[in-house]
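Below: one structure, written as C-alpha cells.
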Amino acid sequence: MIQKVSRTAEIYERLEREGKVSYLDQPEHIAAIDAMSDQMEEVRREYQVKDRNSQVAAASVILIA
C-alpha cells in the first residue's frame, strides 16, 4: 500500500505540540491584517504607475534613437 509522506504536515504537527502555533482571529489581528492589506494595495498601485512610466520612457527612447 502506498503511504503519502508530507513534510509540511509533520512540521505543522511538531510546531503545534511545541505551542508555537497561534491563530490570528482576534479583533486586533483582523484590524492589523486589514491595515496591511490597505498598505499593500497602495504599494501595488505605486508600482503599477512606476512600471507604466518606465515602459513609456523606454518606448520613447527607442523611438528617438
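Excluding MET40 itself, what net charge comes from residues whose Cβ is under 15 Å from its Cβ, given Lys and Arg +1 and Asp and Glu -1?
-3
Where in the chain lies the longest segment free of trypsin sites (Lys or Arg not before Pro) that are both loop residues by DSSP (not H, G, I, E, B) and have at most 12 other Cβ atoms within 10 Å?
21-65
Computed from the mean reciprocal separation of all distinct C-alpha pairs, what Kirkwood hydrodynamic radius does the chain have, in Å?
16.8 Å
Each value in this text was obtained by applying a stated rule to the coordinates, not by laboratory testing. The shown structure was predicted, so the numbers you read here are calculated from the model rather than taken from an experiment. Don't worry about glycine lacking a Cβ; one is built from the backbone with ideal geometry, like all the others, and counts go over all protein chains shown.
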